[in-house]
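To keep things clear, I will list the structure first and then write my remarks on it.
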Amino acid sequence: MIVAVYPGSFDPVTRGHLDVTARAARLFDRVIVAVYGRPVKRLLFSAEERVRMIEQAVLDWPNVAVEHYDTLTVEYARRVGAKVIIRGLRALTDFELELQMAHINHRMAPEIEVVCLMAAQHYSFLSSSIVKEIAALGADVSNLVPTHVAHALQERFRGEN
Ligand code: ADP
């Protein structure tokens with residue numbers, strides 16, 4: 001059985017992340033979407049909130065689980081017995097960073113392969129930061145994120161407009 005871990009900040013999860021997750025779920029026996037608790041960037045949602053939003057989005061996907069971790073990604077992957085780390089690629093700008101991270105991770109854990117997947121073309125511009133920027137200005141983001149995430153964003157930014 002091949003377990004794949006899809007790590008990220010998911011602040012919040014977007015339809016692009018879910019597209020990558022669905023592709024991974026078709027390729028591997030079990031996919032764990034792993035929410036990193038301590039990214040360098042400032043967060044809008046707590047780890048628990050980010051986990052809950054993804055859980056709700058993947059409720060009907062039998063081989064997908066959601067977990068929270070605070071260690072090095074390769075340490076976490078080893079702990080859950082994953083042979084694969086999934087990352088998503090949008091444009092060339094993602095590629096450089098992902099390549100660097102893949103090499104560093106491979107140095108620390110040569111037994112784990114990094115697999116990069118591309119989301120559908122219409123999600124190639126989509127990022128959590130763009131979604132937050134649009135939502136902060138009071139615009140509708142329900143075509144970019146699941147409905148419950150759009151509501152959570154609306155709630156978070158209520159009163160700012
Ligand atoms: P991180 O903070 O680790 O970059 P993110 O939550 O922003 O985490 O993203 C997790 C992974 O998903 C990254 O590999 C990122 O490139 C990828 N990703 C994010 N949005 C998209 C998208 N629209 N299409 C494809 N991959 C994406």
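Values as computed for the structure displayed
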| read-out | value |
| --- | --- |
| Matching residues, the range 40-54, being touching a strand residue (DSSP E or B) at 6+ places or on another chain (Cβ under 8 Å) and either on the phi > 0 side of the Ramachandran plot or surrounded by 16 or more Cβ atoms within 10 Å (Cβ to Cβ) (or both) | Ala47, Arg50, Val51, Ile54 |
| One residue from Ile2, Ile32 being among the β-branched types (Val, Ile, Thr) and within 15 Å of the ligand (Cβ to nearest atom) | Ile32 |
| Failed condition for Glu98, given (1) more than 18 Å from Arg15 (Cα to Cα); (2) more than 14 Å from the ligand (Cβ to nearest atom); (3) under 14 Å from the mean Cα position of the chain (by Cα) | (2) |
| Any hit, the range 71-87, residues being surrounded by 11 or more Cβ atoms within 10 Å (Cβ to Cβ), within 12 Å of the ligand (Cβ to nearest atom) and of a type in the set (S, T, N, Q) | yes |
| Count - residues of the range 104-128 that are exposed (fewer than 11 other Cβ atoms within 10 Å of the Cβ) and closer than 29 Å to Val74 by Cβ | 3 |
| Any chance His17 is within 15 Å of the chain's Cα centre (by Cα) and either surrounded by 20 or more Cβ atoms within 10 Å (Cβ to Cβ) or more than 9 Å from the ligand (Cβ to nearest atom) (or both) | yes |
| Residue that is small (Gly, Ala, Ser), in contact (Cβ under 8 Å) with a residue 60 or more places away in the chain and more than 9 Å from the ligand (Cβ to nearest atom), where the choices are Ala135, Ala119, Ala152, Ala139 | Ala152 |
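Rule-based calculations on the coordinates, nothing more; no lab input. Predicted, not measured: the structure shown is a model, and the values here were computed from it. Because the Cβ atoms are built from the backbone with ideal geometry, glycine has one as well, and the counts that use them run over all protein chains shown.
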